1. Among Gly72, Gly37, which is the only one that is modelled with pLDDT of 90 or more, assigned to a helix (DSSP H, G or I) and either of a type in the set (Phe, Trp, Tyr) or under 28 Å from Met312 (Cβ atoms) (or both)?
2. If you go through the range 249-268 one residue at a time, how many are of a type outside the set (Gly, Ala, Ser) and either touching an Asp or Glu at 6+ places or on another chain (Cβ under 8 Å) or within 16 Å of the ligand (Cβ to nearest atom) (or both)?
3. Being part of a strand (DSSP E or B) and surrounded by 14 or more Cβ atoms within 10 Å (Cβ to Cβ), is that true of even one residue in the range 213-225?
4. Tell me, which strands (runs of 3 or more DSSP E) lie completely within the range 100-193 with 1 or more residues that are aromatic (Phe, Trp, Tyr) and at pLDDT 80 or above?
5. Confirm whether Leu306 is within 16 Å of the ligand (Cβ to nearest atom) and open to solvent by less than 50 Å² (accessible area, probe 1.4 Å).
6. Of all residues in the range 326-348, which are within 16 Å of the chain's Cα centre (by Cα), of a type outside the set (Phe, Trp, Tyr) and either within 12 Å of the ligand (Cβ to nearest atom) or over 15 Å from Thr157 (Cα atoms) (or both)?
7. Which residues, taken from the range 134-155, are open to solvent by 10 Å² or more (accessible area, probe 1.4 Å) and within 15 Å of the ligand (Cβ to nearest atom)?
8. Could you please find all residues in the range 109-133 being acidic (Asp, Glu) and near the ligand (Cβ under 9 Å from one of its atoms)?
Amino acid sequence: MAIVEHSELAPLADVIEPAWWSGAAPLDAAEYTIDCGGYPMDPAGLAHDGELGRRMRETFDRVGLVHLTNTGLTELVDMRAAAKLVVGREMKYVGGANPRDNLAPNVYEVGAPLSAWLHYHHEMAYVGRSTRVISFLASDVLPPAVPGTGGVGRGATFVSDSIAATDKLLSTPFGQKLKQLGVCYHRNLTDRDAFVGKTEYGVYNHWQKSFDTDDPEHAASRARDQRLAVEWGPDRLLKTRYYCSAFEYFAHLDRNVLYSSLADHGMWFDTWPLVQHLPYEERPLHMTFGDDSEFSPEELQEWIDLYDEFGMPLDWRRGDVGVICNYRWAHGRPGIHLDDGEARKLGVVLGDQYDRVGVRSDGW
Ligand SMILES: [Fe+2]
C-alpha cells in the first residue's frame, strides 16, 4: 500500500449505506426479551442453575437471542455475570486482525469508531477460529425510542435473522454463485515503523498490534496458525488471505447458514477519512469471491439488502444484556453521533472459540 499525500485523495465512490431493517421485525420481541424486574439480580439469583439462567438458556436454544431488560445492573462485571449464564466459557483473546482493549476483566470494547456504521456481520468470520456467541452489555446508553412510536433509539444495535437470509439468498443466482465459489478475506496489515512521524493513511491495524509482536517472522507464523496465507508487500506490508465457504455448518439446526457479510469488504472503509480514497484492493480489509474475482455493484447491493430485509433493532437501556447466537443472527449498527454530554458504550463478551468446519454437503 503506497503512502499517499493528501492532494492525491479521490472523491468518495458510490457508497452503499444499509437501511438496517424494513420496519417490520422478523421476530416478536416477546420471543427473546426477559424482563428481569421479577428476578433477584444478586450472585445467588445469577447462579448457573437459577430460574433466570434456565429461562435464558431455553430462550437462547429456541431463538438464538436473549435481551435482558430492567436488570437494575450498573457495573459491567455484574452484566457479564448475567451474560455468562448463556455464554459459558469465554474466549481467550489471542492476536487476531482486530485487537480489542479491555473495559473490565473479559469485557472488551467494540473496537470501531462510533461515527462509522458497522455493516451486519458474524463475529470473527474472517479467520479460521470463530465464536459461537457474542454478548453486549449496555454500560452507557442513549435515550431509547419512545414505546409505541415505532421509532428506533439512536444507540440501538441491529440484528438480522441469518436463517431467513440464508434461505432467501440460496434461492437467487447470486446465492448459488456464493455457494459455489466461496469467499476470500484479504487483509493488508501495515508496519508501524513505516509510519513513524507520518499521517496514517491507509492504516487500520499495524501487524505489530494485531499479532502482538515486533518480530515479522513471529507475526507471519501467528497468521499461519490462524490458517491465513501470508505474503509480504512493500514497506513490510503484511498481506493475508483466508479462503473459506461463505456458509458454515450449524449443528444445533443441522444445516448450513450464511456466515459471511460485506462488513469485511473494502466498502467498510467508505466513510473512513484516511482510507476512503484508496481503491478496494489497497484498503486494509477486502473481500472477494473465492476465485479472487470482485463482487459486482449489483451483487454488493443485493447482499446489503438481504441482511436489511431480515433486520431489527435491539434498543438498549442501561444495564441491558444482549446475548446473540453468532450463527443465527448477524449484528451491526448505524453510525452514532453524540450530542454534548452523551455517552454510548457497550461492553463485549465473546464466547469460546471454535475451529470453523465450513459447510456439510448434507446440510443444504
Ligand atoms: Fe461485531
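The values are calculated or read from the model by the stated rules, or taken from the named source; none is laboratory data. All figures in this text were calculated on a predicted structure; none of them were measured in a lab. Glycine also receives a Cβ, built like all others from the backbone with ideal geometry; neighbour counts cover every protein chain displayed. The protein model used for the area step is the full one, side chains on, heavy atoms only, and it has no ligands, DNA or RNA in it. Shrake-Rupley method; radii C 1.70, N 1.55, O 1.52, S 1.80 Å.
1. So the residue among Gly72, Gly37 that is modelled with pLDDT of 90 or more, assigned to a helix (DSSP H, G or I) and either of a type in the set (Phe, Trp, Tyr) or under 28 Å from Met312 (Cβ atoms) (or both) is Gly37.
2. Residues in the range 249-268 being of a type outside the set (Gly, Ala, Ser) and either touching an Asp or Glu at 6+ places or on another chain (Cβ under 8 Å) or within 16 Å of the ligand (Cβ to nearest atom) (or both): 9 in total.
3. No: zero hits.
4. 118-121, 133-140, 157-161, 183-189
5. No.
6. Asn326, Arg328, Ala330, His331, Gly332, Arg333, Leu346, Val348
7. Result: Phe136, single match.
8. Glu123
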